[in-house]
Amino acid sequence: MSTNSHKPSKDRILNLFANATQASIYVAQQIAALITQQQKQGKLAVLGLATGNTPKRVYQELVRLHQNEGLSFANVVSFNLDEYYPIYPEDEQSYTYFMQEHLFKHVNIKPQHIHIPHTRCETEDILDYCKEFEDKIASFGGLDLQLLGIGRNGHIGFNEPGSSFDSATRLVNLHAVTREDAQADFGGLDQVPQQAVSMGVNTIRQAKRILLLALGERKSEIVSKALQGEITPEVPASFLQSLAQVEYVLDHEAAGEII
Ligand code: F6R
């Protein structure tokens, strides 16, 4: 199904950096500025967070800002994009573990402010769980900022090719490319879960601001398709073209195939 009804926004914001470190520090600074600005107004900063290799340097910089420059996370509420299913939060491959290691255990975020799709519930309870997750985001007034990476198949969150513009948080089947890319972490393809719980495209596009960070040459092909190709469910990141609140943050290598 083609979705040409979603017209590309004219105000695309494209921010190019010479290298991954500079791009990551820029993203961390944007997040820190939001946290501080909200703090000054006595408000919470509601962040949508991503995992994977791409945001690691962003989190490292946020930890540095907390430890060396007094950035407080006391007013931060976080919602992670996704989590494998099934998995235990204490498993090293889980995104709960990832977030603890790379960010949460180093900063003063309140544990009750952390929301990661947990996948301990039985499959028949997942629908209710996903609805609760959406309701929880809404109860905080929505996401102020959503950080995204992009999969080599164009996924955002685990909205795999074929995902719809209106999709909500749900149980998804992982695409072959996604499972292939995860096999090193899991120690073999057969160990990689077949499913995940992911925020939907609709959940993501409600965020007031969206930063898509892409780093490295291996993302260059999909970045050019997502930014300049047809808007199609086959490349879920292409849906972002129709949104005015999206900013693409790319290093030189990831931007290599943009014309
Ligand atoms: C992770 C997520 C995924 C990743 C994407 C890129 O929470 O939602 O969409 O952002 O798979 O992964 P990396 O950064 O490892 O290349």
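Structure data summary
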| quantity | calculated |
| --- | --- |
| Of Leu49, Leu62, Leu189, the one that fluctuates the most in a GNM where the chain has Cα springs shorter than 10 Å | Leu189 |
| Percent accessible area from carbon and sulfur atoms, the stretch 113-178, protein chains only, probe 1.4 Å | 50 percent |
| Vicinal HN-Hα couplings computed from phi for the stretch 144-156 (Karplus, 6.51 cos²θ - 1.76 cosθ + 1.60; Hz; Gly/Pro x) | 6, 8, 10, 8, 10, x, 9, x, 5, 9, x, 6, 10 |
| Normalised per residue, the volume of the convex hull around the Cα set of the stretch 142-259 (Å³) | 98 Å³ |
| Expected-Rg normalisation [2.2 N^0.38 Å, Cα atoms] applied to the stretch 13-104 | 1.15 |
| DSSP loop GluC sites (Glu not before Pro) with at most 14 other Cβ within 10 Å: longest gap in the chain | 123-229 |
| Segments 17-23, 202-208 sorted - mean Cβ within 10 Å per residue, highest first | 202-208, 17-23 |
| Amide H contacts under 5 Å for Ile13, placed H, 5+ residues apart | Tyr248 |
| Share of pairwise Cα separations in the stretch 14-251, more than 25 Å, in percent | 37 percent |
| 3J(HN,Hα) from dihedral phi, the stretch 25-31, Karplus parametrisation 6.51/-1.76/1.60, rounded to Hz, x for glycine, proline | 5, 4, 4, 4, 5, 5, 5 |
| Part-to-part distance (alpha-carbon centres) for the stretch 235-249 and the stretch 34-68, which is given in Å | 21 Å |
| Integer Hz, Karplus 6.51/-1.76/1.60 couplings in order for the stretch 171-179, x for Gly and Pro | 7, 10, 8, 6, 6, 4, 5, 4, 5 |
| Separation of alpha-carbon centers, the stretch 112-137 and the stretch 86-100, rounded to whole Å | 15 Å |
| Amide H contacts of Tyr85 (H built 1.01 Å from N, under 5 Å, at least 5 apart or other chain) | Gln195, Ala196, Val197 |
| Test item: Cα-centred dipole of the chain, Lys/Arg +1 and Asp/Glu -1 on Cβ, debye | 1040 debye |
| Relative contact order [Cα under 8 Å, 6+ residues apart], the chain, whole percent | 27 percent |
| Mean accessible surface per residue for the chain, computed with a 1.4 Å probe while every protein chain stays in place, in Å² | 45 Å² |
| Two-site label geometry, Arg64 and Lys110: point separation in nm, points 7 Å out along Cα→Cβ | 3.0 nm |
| Relative contact order (percent, whole number), the stretch 39-117, Cα cutoff 8 Å, 6+ residue spacing | 37 percent |
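The values are calculated or read from the model by the stated rules, or taken from the named source; none is laboratory data. Computed from a predicted model, the values in this text were never measured in an experiment. Note that each Cβ is placed from the backbone with ideal geometry, even for glycine, and that neighbours are counted across all protein chains shown. The accessibility values were calculated without ligands, DNA or RNA, using every heavy atom of the protein model including side chains. Shrake-Rupley method; radii C 1.70, N 1.55, O 1.52, S 1.80 Å.
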